[in-house]
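Quick note: the coordinates plus some simple rules give every number you see, no bench work behind them. Fair warning: this is a prediction, and the values are worked out from it, not measured in the lab. Note: ideal-geometry Cβ built from the backbone for every residue, glycine included; neighbour counts use all protein chains shown.
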Amino acid sequence: MRDPVFCFDRDKTIDVNPPENGPAVPLSWVQYYAHCTEHDVWATGNPRLCREAGIPSPREARELLDTAGCEPVASYDRMNSGRIDRLRLLNQLYGESYDGSVEFVVVDDTDVTEYTDGRSWSYYSPAEFVIAVKNGAFPTPDTAAVSGSPYRTPEHGDCYRPQLERFERRLSN
Ligand SMILES: [Mg+2]
């Protein structure tokens, strides 16, 4: 898989619940990467972001592993104390699904370098990620391509099905 996998926290990270200091990551950026690029995007913080951005969470990753007969390395806990376990579940899902290394980018106001250091994971605070995008480290979001907030409504909540179905296929091979 060529493009890094994005993992976004929500609270105090995305502009629907911005940090007290410094810039927030616009929700439209998350939507853009999820629906207008080849990046896989996951909500690794508050799962409200799933519905707001139309992206899955490690809960779905765990279900995929379970259904495929792989023992998940962690439970899914949506509370703050579960954030490292949520990253571990995604790491396991990609490890089971893809040969070779996958790069992960985790954007979170909580420092998760205790997990990311020494792995193919890069940690960015919201402000660091905004700067990295502005400096061209990642594609510049074309937010006009994501008009309005089309993913906020519950009926769009399953628009990440194709991403999950790709894993179903890969895990069954
Ligand atoms: Mg947070």
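Points worth noting:
- The gain in end-to-end length when the Ser101 to Val73 segment is fully stretched comes to 8.2 nm, 0.36 nm per residue minus the alpha carbon separation.
- For Trp42, the residues whose amide H sits under 5 Å from its own are Phe6, Cys7, Phe8, ignoring neighbours fewer than 5 places away on the same chain, with H placed 1.01 Å from N.
- Per-residue ³J(HN,Hα) for region 20-25, Karplus 6.51 cos²θ - 1.76 cosθ + 1.60, θ = phi - 60°, Hz, x for Gly and Pro: 5, 10, x, x, 9, 7
- Here the 3J(HN,Hα) profile of region 62-72, calculated from phi with Karplus coefficients 6.51, -1.76 and 1.60 at θ = phi - 60°, is 5, 4, 4, 4, 4, 4, 7, x, 8, 6, x Hz, Gly and Pro shown as x.
- Interchain or long-range residues, amide H under 5 Å from Val25's placed H: Ile14, Asp15
- The simple Förster model, with R0 at 22 Å and r as the Cβ-Cβ distance, assigns Ile84 and Ala132 a FRET efficiency of 0.50.
- Loop-located chymotrypsin sites (Phe, Trp or Tyr not before Pro) in region 52-128, at most 16 other Cβ atoms within 10 Å (DSSP): Tyr98
- Helix axis angle, 83-97 relative to the chain longest principal axis, alpha carbon, degrees: 60 degrees
- In sequence order, calculated HN-Hα J values of region 8-15 (Karplus, 6.51, -1.76, 1.60; Hz; x Gly/Pro): 10, 6, 10, 5, 6, 10, 9, 5
- Dipole magnitude of the chain, debye to nearest 20 (Cβ charges: Lys/Arg +1, Asp/Glu -1, about Cα centre): 240 debye
- Taking amide H atoms as placed 1.01 Å from N in the peptide plane, the amide H of Trp121 lies under 5 Å from those of Phe104, each 5 or more residues away in sequence or on another chain.
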